[in-house]
Amino acid sequence: RKTRLAVTRLRSENGLADRTTPFQCEQAFVVQLHLQCVAPVKLWQHGEQIPGDAAQQEGSVNIMDLEQDPAMHVGGAFDLLQFYVPRAALDEFADENDGRRCETLNWPLGKVDAGLKNLASCLLPVLEDPGPAGELYVDHLVFAAHAYIARNYGGIRVVPSIVRGGLAPWQLHRATEMLKANLDGQISLSQVAQECK
């Protein structure tokens, strides 16, 4: 893919002593999925606290727009998965799927999202040890999470397309050769796509 996505796991046994300094301002979002119940989480935008600081349940989601100078405070131990999603990646997803671009990502502060939680349960083992699963598997999971976020939080609706043709015989043959040669999974989707044009 042209734009880079990132998934990071953040854990602390003690919580934060004070609120964070504002994150770097950029055209991107951070989607946080809480992996355990946690003491109240407080969020700020442009120095103003966002209403609502209830304790977060396992599977609850917070979204921070990095253009809004966000800061946060977590009062106790936490374990969360952060998805970094640039606006360019959302635009790219919409354009590739003939969807309408979204202005922002929306989700009620701290509401549980079982769908993202299920995707996270697949991602967690490969964050701990990516070796056995392979790069191709990780690419699929990150793409699935990105598509889920774009559709469910950005409202990007994919227009069904009529598939005509498919891969040319030489492309199918080359892709199959590459995958067979890399059964350990140490090949990315972008490498296969580039080789098959």
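The values are calculated or read from the model by the stated rules, or taken from the named source; none is laboratory data. The shown structure was predicted, so the numbers you read here are calculated from the model rather than taken from an experiment. Here the Cβ positions follow ideal geometry from the backbone for every residue, glycine too, while neighbour counts run over all protein chains shown. SASA here: full protein model, heavy atoms, side chains in, ligands and nucleic acids out. Shrake-Rupley method; radii C 1.70, N 1.55, O 1.52, S 1.80 Å.
Name the residue, out of Gly155, Gly110, that is surrounded by fewer than 18 Cβ atoms within 10 Å (Cβ to Cβ) and of a type outside the set (Asp, Glu).
On the way: Gly110 fails: surrounded by fewer than 18 Cβ atoms within 10 Å (Cβ to Cβ).
The conditions single out Gly155.
Out of all the residues in the stretch 173-185, which are within 11 Å of Glu135 (Cα to Cα) and surrounded by 13 or more Cβ atoms within 10 Å (Cβ to Cβ)?
Asn182, Gly185
Among the candidates Tyr84, Tyr137, Tyr148, single out the residue that is among the aromatic types (Phe, Trp, Tyr) and in contact with a Pro (Cβ under 9 Å, 6 or more places away or on another chain). Write out each step before concluding.
Details: Tyr84 fails: in contact with a Pro (Cβ under 9 Å, 6 or more places away or on another chain); Tyr148 fails: in contact with a Pro (Cβ under 9 Å, 6 or more places away or on another chain).
From the options Tyr84, Tyr137, Tyr148, the qualifying one is Tyr137.
List every residue pair whose Cβ atoms lie under 6 Å apart, where the two residues are 6 or more positions apart in sequence or sit on different chains, the first residue falls within the stretch 113-128 and is open to solvent by less than 30 Å² (accessible area, probe 1.4 Å), and the second residue, located anywhere, is in a helix (DSSP H, G or I).
Correct list of pairs: Leu123/Leu141; Val126/Val138.
Consider the stretch 176-188. How many of its residues are assigned to a helix (DSSP H, G or I) and modelled with pLDDT under 80?
Residues that pass the stated criteria total 0.
Has the stretch 142-149 got at least one residue that is within 30 Å of Glu103 (Cβ to Cβ), surrounded by 14 or more Cβ atoms within 10 Å (Cβ to Cβ) and modelled with pLDDT under 90?
yes
Give the number of residues within the stretch 37-62 that are at pLDDT 90 or above and either at positive phi or in contact with a Phe, Trp or Tyr (Cβ under 7 Å, 6 or more places away or on another chain) (or both).
Summing the residues that are at pLDDT 90 or above and either at positive phi or in contact with a Phe, Trp or Tyr (Cβ under 7 Å, 6 or more places away or on another chain) (or both) in the stretch 37-62 gives 3.
Quick one: Gly165 ticks every box in (1) in a helix (DSSP H, G or I); (2) loosely packed, with under 15 Cβ neighbours inside 10 Å except a single one, so which number is it?
Here Gly165 meets the rest and fails (1).
Pairs only if they're at least six apart or on different chains, beta carbon under 8 angstrom, first in the stretch 166-192 and charged (D, E, K, R), second in a loop (DSSP other than H, G, I, E, B); list them, first residue then second.
From the stretch 166-192, the pairs are Arg174/Cys196; Asp184/Gly134.
Return the only residue of Asp79, Asp65 being farther than 15 Å from Gly154 by Cβ and at pLDDT 90 or above. So that I can check it myself, show each step before the final result.
On the way: Asp65 fails: farther than 15 Å from Gly154 by Cβ.
Exactly one of Asp79, Asp65 is farther than 15 Å from Gly154 by Cβ and at pLDDT 90 or above, namely Asp79.
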